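Inspection log for the structure reproduced underneath, given as structure tokens.
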Amino acid sequence: MSEPRVAVVGGGLAGLSAALGCADAGARVELFELRPWLGGATWSRSRDGLEIDNGQHVFLRCCEAYRGFLRRIGAEDRVELQPRLDVPVLAPGGRVARLRRHRLPSPAHLGPSLLRFRHLPLGARLRAARTARRLGALDPADPRLDRLRFGDWLAAQGEGAAAVDRFWDLLIRPTLNLPARDASLALAAFVFRTGLLTRPAHADIGWARLPLRRVHAEPAQAALGALGARIHLRSRVEQLEIGRDRCVLRVGGRRVVADVVVLATPPAAAAALLPPAAGVAPRDLERLGRSPIVNLHVVFDRPVLPYAFAACVGTPLEWLFDRSRSAGLARGQYLAVSLSAADAYLGRSRRELRARFLPALEALLPAAREARVERFFVSCEPEATFRQAPGCQRLRPPAASALPRLWLAGAWTDTGWPATMEGAVRSGRAAARGALLAAGRTRGLPAEAA
């Protein structure tokens, strides 16, 4: 029996994971990516002599599929993973609190840190600890939770505006790319149960030590090339024809024949390519919506942030990352400022954003008041994630379409996870497993995600 031919449409983490899963099982893989680079929403470029990532992508120790992807492509040494959760939380005026993991069983491992969280009054800290226990008791798989806003549930627990802004939003906004008030209760419960409450070590934070293209795109491309996979950049797939015995892709005016297709594009592009017989309503994909992330890139003439990264409260700033070393900066300090759920900043000019955020940095970081800003620029992902609001779970399609030879991948599919790098990799593995089985391959299948 000849090796199955698998076409993967999309070169983000979902597509790369699917392509690797199929190629590792002996399939002949062709991957088509519209853009001139791989990596999807995790990409890098050179600017003014610096290697700039489009955004700051972190992961947790519990992200086992993503960490397995890094091991598979030989990039595990290109990321940093905390030995123990430790997040500096800054407020204007130089006030610092820390969220730390302590040597206690879950969920008590976060208790001492929360009780010392000086950005909230003692009564609010005690109430937050009680609310966290109640949140951990919820079942994220209960469909009733996805009909509710996390903010409404918090209000019902007695959480006030200050606690939402200074504690709950600190954790939910960057993971769900929505304010805590607007997010799905089901996904918020998942984040807390999986990342913070199940096992003490799960919430340890990891990040890229090198530019993202060297962490994802380049090693994944090398791994696929070693398996004989063919990668086509700047290749637009214009049409999919999914038949009973084979599939035909129209790519730049030519025909590509495959036994099975994995469609791993963003939801809007998937909606345009999905055949009606796939059983996925394009309207549902449109209703998933989109939530943007804006990143500010600020180069100072001297160090101003004494941490690898920090969270922020009481300021329009959210998370700060020192990217000096990874960017190749020889002098001074390069800070990347990540702004999640950044609808209010879309379309704002660099001048407007500079006027808003440089004074905020000076108020937050005393050393910034004496420093000179040498460069300030902006990057934006208008469709960074789908909108993880109430009702989104029932709109997310499974990996299997109604056509046995067409499989879906992407963090927007029903992985059980939020729209994260972990969710993207899990979706690619699930699609690869299904595609291989559909093509008649039963050996060397990717393991099913736990």
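Regarding Gly391, is this residue modelled with pLDDT of 95 or more and under 24 Å from His202 (Cα atoms)? Taking the combined requirement at face value, the residue does not satisfy it.
For every residue, the table says whether it meets (1) in contact with a strand residue (DSSP E or B) (Cβ under 9 Å, 6 or more places away or on another chain); (2) surrounded by 21 or more Cβ atoms within 10 Å (Cβ to Cβ).
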{"residue": "Asp343", "(1), (2)": "yes, no"}
{"residue": "Glu370", "(1), (2)": "no, no"}
{"residue": "Phe376", "(1), (2)": "yes, no"}
{"residue": "Trp412", "(1), (2)": "yes, yes"}
{"residue": "Thr415", "(1), (2)": "no, yes"}
{"residue": "Thr420", "(1), (2)": "yes, yes"}
{"residue": "Ala424", "(1), (2)": "no, yes"}
{"residue": "Ala432", "(1), (2)": "yes, yes"}
{"residue": "Leu445", "(1), (2)": "no, no"}
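Contact map, region 300-314: first residue over 19 Å from Trp168 (Cβ atoms), second residue among the β-branched types (Val, Ile, Thr), Cβ cut-off under 7 Å, separation 6 or more or different chains; pairs are Phe300/Val373.
Conditions tested, residue by residue: (1) at pLDDT 95 or above; (2) surrounded by fewer than 21 Cβ atoms within 10 Å (Cβ to Cβ).
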| residue | (1), (2) |
| --- | --- |
| Gly158 | yes, yes |
| Ala161 | yes, yes |
| Trp168 | yes, no |
| Thr175 | yes, no |
| Ala180 | yes, no |
| Leu185 | yes, no |
| Ala189 | yes, no |
| Phe192 | no, no |
| Gly195 | no, no |
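Of the residues making up region 355-394, those that are under 26 Å from the mean Cα position of the chain (by Cα) and closer than 18 Å to Asp301 by Cβ are Phe357, Leu361, Phe376, Phe377. Of everything in region 141-169, what is within 9 Å of Leu185 (Cβ to Cβ), touching a residue at least 60 places away in the same chain (Cβ under 8 Å) and out of contact with any strand residue (DSSP E or B) (no Cβ under 6 Å at 6 or more places or on another chain)? Give them in sequence order. If the condition is that a residue be within 9 Å of Leu185 (Cβ to Cβ), touching a residue at least 60 places away in the same chain (Cβ under 8 Å) and out of contact with any strand residue (DSSP E or B) (no Cβ under 6 Å at 6 or more places or on another chain), then Arg147, Leu148, Arg149 are the ones that fit.
The criterion of at least 2 residues that are closer than 30 Å to Ala277 by Cβ is met, among strands (runs of 3 or more DSSP E) falling completely within region 156-242, by 230-232, 237-242. Here Leu104 passes the criteria (1) loosely packed, with under 14 Cβ neighbours inside 10 Å; (2) closer than 17 Å to Val313 by Cα except the one numbered (2).
When region 235-272 is filtered for residues that are within 26 Å of the chain's Cα centre (by Cα), buried (at least 19 other Cβ atoms within 10 Å of the Cβ) and farther than 14 Å from Arg35 by Cα, the ones remaining, listed by number, are Val261, Val262, Leu263, Pro267, Ala270. Filter region 207-234 for residues that are in contact with a strand residue (DSSP E or B) (Cβ under 8 Å, 6 or more places away or on another chain), of a type in the set (Gly, Ala, Ser), surrounded by fewer than 20 Cβ atoms within 10 Å (Cβ to Cβ) and touching a residue at least 12 places away in the same chain (Cβ under 8 Å) and give the result. Selection gives Gly228 alone. If you check Gln393, Gln388 for being under 30 Å from Asp142 (Cβ atoms) and in contact with a Leu (Cβ under 6 Å, 6 or more places away or on another chain), only one passes: Gln388.
The values are calculated or read from the model by the stated rules, or taken from the named source; none is laboratory data. Computed from a prediction, not measured in an experiment: that's the story for all the values here. Please note: Cβ atoms are built from the backbone with ideal geometry, for glycine as well, and neighbour counts cover all protein chains shown.
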